[in-house]
Structure formats: C-alpha cells, structure tokens
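Some notes on the structure that comes next.
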Amino acid sequence: MEEEIKTEEEMDQEISTKQWLQDNLRIIISILIVVAIAGGIYSYSNRGEDSAKNDQEVAQQEESTGDNSEVTIDKISETTPAAKTETVASSQETEKSFIEKAGKGDGSTVLARRALANFLEKNQDSALTAEHKIYIEDYLRKNVSHKGSVHIGTSIEFSKDLIQDAIAKSKNLNEKQLQNLHKYAVRVPSLA
C-alpha cells in the first residue's frame, strides 16, 4: 500500500511539474531567447577584439623578425575569413586620362561624374549647367572602353579627349533636350 501512495505522490508531483511548465512556458522561452541574443552580441563584440589582438601580434612578429612579407600574409590568412577589400574610391590622373577606382556603392555613372569633376577642376567651364553635366557623365559612361559591371576596386579609364568630346556635344543640346535632362539633374545636387 505504501508503494501505491508513493506512486500517487509521484504522479501528483509530475502533474504539478507539467502544469508549472505549461503555465511558465512563455517566460522560459523568452529567457532562452534573451540569453541566446546576449551570447551572440558577446561573441560578436569579442570578434573585433580578437582581430585587434591578432593585428598587434602580427606587428610584434614583424618587429621581432624584421621580415614583414611572409609573416604578414600567413598571419592575415589565419585570422581573417576573407581577404579585406579596399572600399575607398580613388582617382589618378595621367597625361591623357583620369583613372577612377570604384569604392563601395560606386557605379560607372559615379566614376564618370568623378572624372568629369577632376577634369573641370583643371579646365573650368562656366557655361556648363547641371543638365550639361548629366549629359556628359552619361555620354562618358556609354562611350568608355570598360564594359560590364563595376565592383569595389574596379578601375575605369576616362580619356581627356573623350571628356572634351562629351563637353562639346553637350553644348550642342537644344532647349528641349536640356529641359528633359533637368529632371535628372535635380536628383544630383552636387552638380549644381
């Protein structure tokens, strides 16, 4: 008979435990989610610290060995999952052209705009309106030798002759064409 009583007590305990779990399931799941998010944040924040520590280790190793070629390459490949890409745009002028290197978010139109701005910095032309500049950058984009998509680090060369040709053609636009280009020019305040 004692065994039956224990069994009943155990059953009552099991039932009360199940009831408690059912009553508090939302709270338990919420706590688990918060713990998982906090763990993710902690892990992510430590990743930045680990990268800084690894960079310091590389620098110390270079100083101690005096050779920074192989050590740096090996260490970087160990510590970073993917090669770092340069996201900074750059411009370079040669005797006959402007070479524009794409940064993050740049397309061929932005590179053409930058080449035109660099050209006009050295060859000012007060007759050019924002509408003329929209035409010129579109002309450059369409007539440059580079074909295909533009990614971070892509370089496009805009010849100075091509830029001068585009400027000359833009000055031959009639009033209706300039009015049509106005709706695009107002979207680019930097051209004004």
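The values are calculated or read from the model by the stated rules, or taken from the named source; none is laboratory data. Small disclaimer: the values here were computed from a predicted structure and weren't measured. Don't worry about glycine lacking a Cβ; one is built from the backbone with ideal geometry, like all the others, and counts go over all protein chains shown.
For this structure, a couple of remarks:
- Annotation note: of LYS169, LYS183, LYS176, the sole residue that is more than 23 Å from SER90 (Cβ to Cβ), touching a Phe, Trp or Tyr at 6+ places or on another chain (Cβ under 8 Å) and either surrounded by fewer than 16 Cβ atoms within 10 Å (Cβ to Cβ) or in contact (Cβ under 8 Å) with a residue 12 or more places away in the chain (or both) is LYS169.
- Of residues in segment 89-107 being over 16 Å from the mean Cα position of the chain (by Cα) and either part of a loop (DSSP other than H, G, I, E, B) or at pLDDT 90 or above (or both), the one surrounded by the fewest Cβ atoms within 10 Å (Cβ to Cβ): GLU95
- The residue list ALA112, ALA117 contains one member that is surrounded by 15 or more Cβ atoms within 10 Å (Cβ to Cβ), in contact with a helix residue (DSSP H, G or I) (Cβ under 6 Å, 6 or more places away or on another chain), at pLDDT 90 or above and at negative phi, which is ALA112.
- Taken over segment 129-152, the criterion of being hydrophobic (A, V, I, L, M, F, W, C), out of contact with any Ser or Thr (no Cβ under 7 Å at 6 or more places or on another chain) and touching a residue at least 40 places away in the same chain (Cβ under 8 Å) is satisfied by ALA130, ILE134.
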